Amino acid sequence: MADWTISPGDWCHLDLPTTDRLRAKRFYGAVFGWRFDDIPGAEYTMVTTSENGILSGFGGLPETVGLRPPMPGIVPYIRPDDFERTLAAIEQAGGEVLIPKTDAKGYGWFAQFRDPDGNVVGLWEDAPMAHSEPQENH
């Protein structure tokens, strides 16, 4: 796990969609030496690029809970200070909430929104320390 602190408003996670996680692991492992941890009960693989890299994964958080992603492509996530207040601010500033705050199988919560330029961006909040063991695999 990184030895730096992620503050509210920082980029904190990245989803890289794939139709074949095994192929993606072989490719990125061979090219960049990344490490992988499959999440039990989810079609999702946590990716460790380095001890100081941003947390990331193969797959998409919406799919892990049975939702359809708003659009294909990489989704960057930002850590909110206050989840509900941030979602309200997104809408007030002209964005559109696509997926409201959603539990990610006990690991934390996510949401996705579309900004005024059409980009899909996510919010991510870790679960309390009670779930810190699974998060170590991030």
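Computed from the coordinates by the stated procedures, all read-outs in this text should not be read as laboratory data. From a predicted model like this one, the values you see are computed outputs, not experimental measurements. In this analysis, Cβ positions are derived from the backbone assuming ideal geometry, glycine residues included, and neighbour counts consider all displayed protein chains.
Rounded to whole Å and ordered largest first, report the semi-axes of the equivalent ellipsoid of segment 11-135 derived from its Cα gyration tensor (root of 5λ). Provide the component values of the computation, followed by the final result.
Details: eigenvalues 120, 55, 35 Å².
The answer is 25, 17, 13 Å, longest axis first.
What residue among ASP38, ASP15, ASP117 has the largest mean-square fluctuation in a Gaussian network model of the chain, using Cα springs under 10 Å?
Greatest mean-square fluctuation among the candidates belongs to ASP117.
Considering Cα pairs under 8 angstrom that are at least six residues apart, work out the relative contact order of the chain and quote it in whole percent.
Values: 252 pairs, mean separation 33.5, N = 138.
That works out to 24 percent.
Set Lys and Arg Cβ to +1 and Asp and Glu Cβ to -1, take the dipole of the chain about its Cα centre, and tell me which of ALA88, PRO8, GLY29 lies farthest positive.
GLY29
Taking +1 at the Cβ of each Lys and Arg and -1 at the Cβ of each Asp and Glu, which of PRO70, LEU55, PRO116 sits farthest along the dipole of the chain towards its positive end, judged by Cα position relative to the Cα centre?
Selected residue: PRO70.
In whole Å, largest first, what are the principal axis extents of the Cα atoms in segment 1-47?
Its Cα atoms span 33, 26, 17 Å along the three principal axes.
Can you give the local net charge around ARG85? Use residues other than it whose beta-carbon is closer than 14 angstrom to its beta-carbon, Lys and Arg +1, Asp and Glu -1. List each step's numbers first, then the result.
Working: positive: ARG79, LYS101; negative: ASP81, ASP82, GLU84, GLU91, GLU125.
Around ARG85, the surrounding residues sum to -3.
Roughly what angle does helix 21-32 make with the longest principal axis of the chain, taking Cα atoms, 0 to 90 degrees, to the nearest 10?
80
Can you compute the FRET efficiency between ASN52 and GLU96 using 1/(1 + (r/R0)^6), with r the Cβ-Cβ distance and R0 = 30 Å? Round to the nearest 0.05. Working shown, then result.
Numbers: r = 33 Å, r/R0 = 1.11.
Efficiency computed from Cβ-Cβ geometry: 0.35.
Measure nothing but the geometry: give the 0 to 90° angle between the long axis through the Cα atoms of 83-92 and the longest principal axis through the Cα atoms of the chain, rounded to 10°.
Long axis of 83-92 versus the principal axis of the chain: about 60 degrees.
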